[in-house]
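Only one structure is covered here, and it is reproduced in the block below.
The values are calculated or read from the model by the stated rules, or taken from the named source; none is laboratory data. These figures come from a predicted structure and were not determined experimentally. Here Cβ is always computed from backbone atoms with ideal geometry, including for glycine, and neighbour counts include all displayed protein chains. For accessibility, only protein heavy atoms count, side chains too; no ligands or nucleic acids. Shrake-Rupley method; radii C 1.70, N 1.55, O 1.52, S 1.80 Å.
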Amino acid sequence: MAHHGPTIPSSAPDFVRNCVDLLSSKVGGKVLGCSDQWFAPCDNMIQPSVPIFIPDKYVDTGKWMDGWETRRHNPAFDWAVLKLGIPGYIQGVEIDTAFFTGNYPPNASLEALCAEGDPELGQLLDDGMWTEILAKVDLGPGQQHFFATTVNDKRWTHLRFKIYPDGGVARLRVYGVAHASWGSFLPGELIDLAAIENGGVVVGCSDMYFGNKNNIIMPGRSINMGDGWETKRRRGPGYDWLVAQLGAPGLVKKVEVDTNWFKGNFPTSCSLEVCCDQDAFDKRQLPGADAVWRPLLPNTPLRGHQRHFFRAELTPEATHARATHVRLNIFPDGGVSRLRIHCYLPQ
């Protein structure tokens, strides 16, 4: 199928599985400026899509490439200043040189800063403002490179990415966890604690063959079928599942399950469970085998291409219990575009 989504390499570090891309254009990431983009625009580098290669496509400046590519013969380095779509704590990065084989940069580094408001590019060029979070590393041709960052306990808003001395990078993905400002919410206000912007992250799922698991907690409604979580067709017994870790422990009071754009491939039904596992929460991982899951929503029919809201249907036992994780079970398989878990923060 044309909308087959990206898979996570088995060798990828934990931060790829347990964090979200804070730089992606899907969550509002932006390129504020760069030293050069002669062959391919820097905006390509922060797209959520998998890089592609079209052998016979050329443009006025040369070969069309799905990434950021600068001209040759730079005596020092090229740079790009980027604004995170969601400020947060960065755990690691992915530098993908897909299809850049004779024109990749041999080295790269990354710096970060935290700037309030909306500073312009000129205000961000002072070298003294930046903190190095990834020292100069080696890169190879046409491959994904994963690197843990050296400073992961500080909130960042902007990045400066350097390539040495020049060349092309297909994608830069910055994995982390959003920094939520709980003081900005009113006392007693319902908060979607699964949302990526509130620190939510999907820590595991049974399958994501057609659509990435983290799509389900993205802002707004899905733009097409590829912008949701979708599993392959199940040919045996069982069902598919997904576990979302909340941005903070909460009391679940309202749930939305949206099957937007899934018209012939939505799940027949779904159920929801919650658990409280502080150790798993602190480590951003799936709850352990001894975790106690409480039924939140009994197995309930779903319809295609529709928002489903559940409040009265939620079990009182679960809505009064502190939750750190929510498990969505879909029967037997299919696609869900968004999952919203509206909670009260415990007093």
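Miscellaneous remarks
- Region 291-347, subset over 26 Å from the mean Cα position of the chain (by Cα) and touching a residue at least 60 places away in the same chain (Cβ under 8 Å), residue farthest from residue 263 (Cα to Cα): 346
- Test: residue in region 45-59 that is touching a helix residue (DSSP H, G or I) at 6+ places or on another chain (Cβ under 7 Å), under 15 Å from residue 170 (Cα atoms) and surrounded by fewer than 19 Cβ atoms within 10 Å (Cβ to Cβ): yes
- Across region 150-177, the number of residues qualifying as acidic (Asp, Glu) and over 19 Å from residue 18 (Cα atoms) comes to 1.
- From the options 198, 152, residue that is of a type in the set (S, T, N, Q) and crowded, with 22+ Cβ neighbours inside 10 Å: 198
- Checking 280, 321 one by one, the residue that is touching a Leu at 6+ places or on another chain (Cβ under 8 Å), modelled with pLDDT of 95 or more, open to solvent by less than 10 Å² (accessible area, probe 1.4 Å) and small (Gly, Ala, Ser) is 280 and no other.
- Scanning region 19-40 for residues that are open to solvent by less than 60 Å² (accessible area, probe 1.4 Å), closer than 19 Å to residue 97 by Cβ and either of a type outside the set (A, V, I, L, M, F, W, C) or more than 21 Å from the chain's Cα centre (by Cα) (or both) yields a count of 7.
- Those residues of region 324-341 which are open to solvent by 40 Å² or more (accessible area, probe 1.4 Å) and farther than 20 Å from residue 280 by Cα, in sequence order: 331, 332
- Among the residues of this structure, residue 217 does not count as one that is out of contact with any Leu (no Cβ under 8 Å at 6 or more places or on another chain), modelled with pLDDT of 95 or more, crowded, with 20+ Cβ neighbours inside 10 Å and under 29 Å from residue 117 (Cα atoms).
- Residue check for residue 48: within 30 Å of residue 116 (Cβ to Cβ) and either among the hydroxyl-bearing types (Ser, Thr, Tyr) or part of a loop (DSSP other than H, G, I, E, B) (or both): yes
- Checking each residue in region 77-102 for being among the small types (Gly, Ala, Ser) and surrounded by fewer than 20 Cβ atoms within 10 Å (Cβ to Cβ) picks out only 102.
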